[in-house]
1. Distances over 19 Å make up what percent of all Cα-Cα pairs in segment 282-418?
2. Quick one: grab the alpha carbon gyration tensor of segment 249-341, order the square roots of its eigenvalues as a ≥ b ≥ c, and give me rounded if a/c is under 1.5, else prolate or oblate depending on whether a/b is larger than b/c.
3. Of the listed values (i) 21.4, 63; (ii) 23.7, 75; (iii) 21.2, 72, identify the label whose number matches Rg and Dmax of the Cα atoms in Å calculated from this model.
4. Quote the relative contact order of segment 269-418 in percent (integer), defining contacts as alpha-carbon pairs under 8 Å separated by 6+ residues.
5. Once you have a ≥ b ≥ c as the square roots of the Cα gyration tensor eigenvalues for segment 377-418, tell me rounded if a/c is under 1.5, and otherwise prolate or oblate according to whether a/b is larger than b/c.
6. Antiparallel DSSP bridges in the chain: what percent, to the nearest 5?
7. Find the centroid of the Cα atoms in segment 310-324 and in segment 49-65, then give the distance between the two in whole Å.
8. What size of dipole, in debye to the nearest 20, comes out for segment 22-227 about its Cα centre when the only charges are +1 on Lys and Arg C-beta atoms and -1 on Asp and Glu C-beta atoms?
Amino acid sequence: MRRLNISGGRPLRGELKIQGSKNSVLPILAATLLTEEPCEIRNCPDLTDVRAALEILEALGCRVSFDGQIARVDAGSAAGTKIPDELMRRMRSSVMFLGAILGRNRSAQIGHPGGCELGARPIDIHLRAFSRLGVSLLENGGYIHCHLRQYLPQTITLIFPSVGATENVMMLCALMPGETVLVNPAREPEIVDLQNFLNCMGADVMGAGSDCIRIRGVKKLHGCSYSVIPDRIVAATYACSAVSCGGEVLLSHVEPEHMRLFLAMLQDMGAQIREEGDRLWVKAKGRPNAIPLVKTLPYPGFPTDMQPLLMAALLKSRGSTVFHETIFENRFRHAGEFLRLGGDVQVEGVSAIVHGVNRLHGADVYASDLRGGAGLILAALGADGKTRIEGVEHIERGYVSVTECFRKLGGDVILTED
């Protein structure tokens, strides 16, 4: 059993370089299937999800190498169309390979994705868009069989700005004839990063980050070298640690423009924020101020991935905060673990009310998902006494060397295995 053992109650101080974005690099790795030439992906974080994505590429016939910072993918002989079920179950985001495989081979087979159990993540938005573009779909034996016989370029409006569906359509259409217009796409910075990578390979994609993306298909894409953007969720995690524990944290390799709403909330909580290019300085002292309402929404609204982090930082706030979750119905599973640490959190359906307390205490808790697990680390660091966190494997899906990073900031965090 692997556990994080944390002794909390001390301020954090220090500097960290933020890793490359998990949510950017995974679709970018999938998109390497669209060229027969080698690609080099720099600033690639060494995460279990990244390792799983590279295994999927190998299973599809790619030659892959990874040194912990740079991933190299040669998809020249990638003729595979089926992702092994075991790899699908390890990573929910593996569904993003569907558009790339179809774009390359016109045929694909995938099982239902796995990963964190945050509730239903239906892929019907993906499949509806594919069907409109000429993909025939058949579900049989737990697999979805997809075949593209005749591509039908047209304007498609997503009923919800799904990140995965937007990425899948962009990858499918990059090599298809004609112009496809995607209305109401996801607008996250990671979508812009995927567009920039596709264009670096020679694609013709415009409008990412806006309410309309235009994809003009090209006949062939070439290899390239590309650097992934910084991870805004990881940056938010370490910024929240300064609020949860008090102290001063300097984060480098950050893109503040991707975190505007979050940074404004930290300031409302009483934190001091200073930006210096790609460096972000966060200072906090004493109990934070409560915020009346935190509502998760698609970008540029408040990200659902940051909700557990902000909740952890507000456990010792002055006043009460209402969290309203609109993306995942099971996104408050960490709330029960916060109660074990002495927090006062009431969950009512898709809303949770956090009443700030004077102090938290250590306890044995379990991380059931990636961001909830990160929130537990923040709460444990701000609690008096010792905390043991199980479910470390979930946290490692999104954080590189999380133990060492918090120790660099002065946190007493040790990973043990028995």
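1. In whole percent, the long-distance tail amounts to 48.
2. oblate
3. (i)
4. After rounding, I find 18 percent.
5. oblate
6. Counting only bridges with both partners in the chain, antiparallel ones make up about 70 percent.
7. After rounding, the separation between the Cα centres reads 40 Å.
8. 480
Throughout, read-outs are computed from the coordinates displayed, never taken from laboratory work. All values derive from a computational prediction rather than experimental measurement. Cβ: placed from backbone, ideal geometry, glycine included. Neighbour counts: every protein chain shown.
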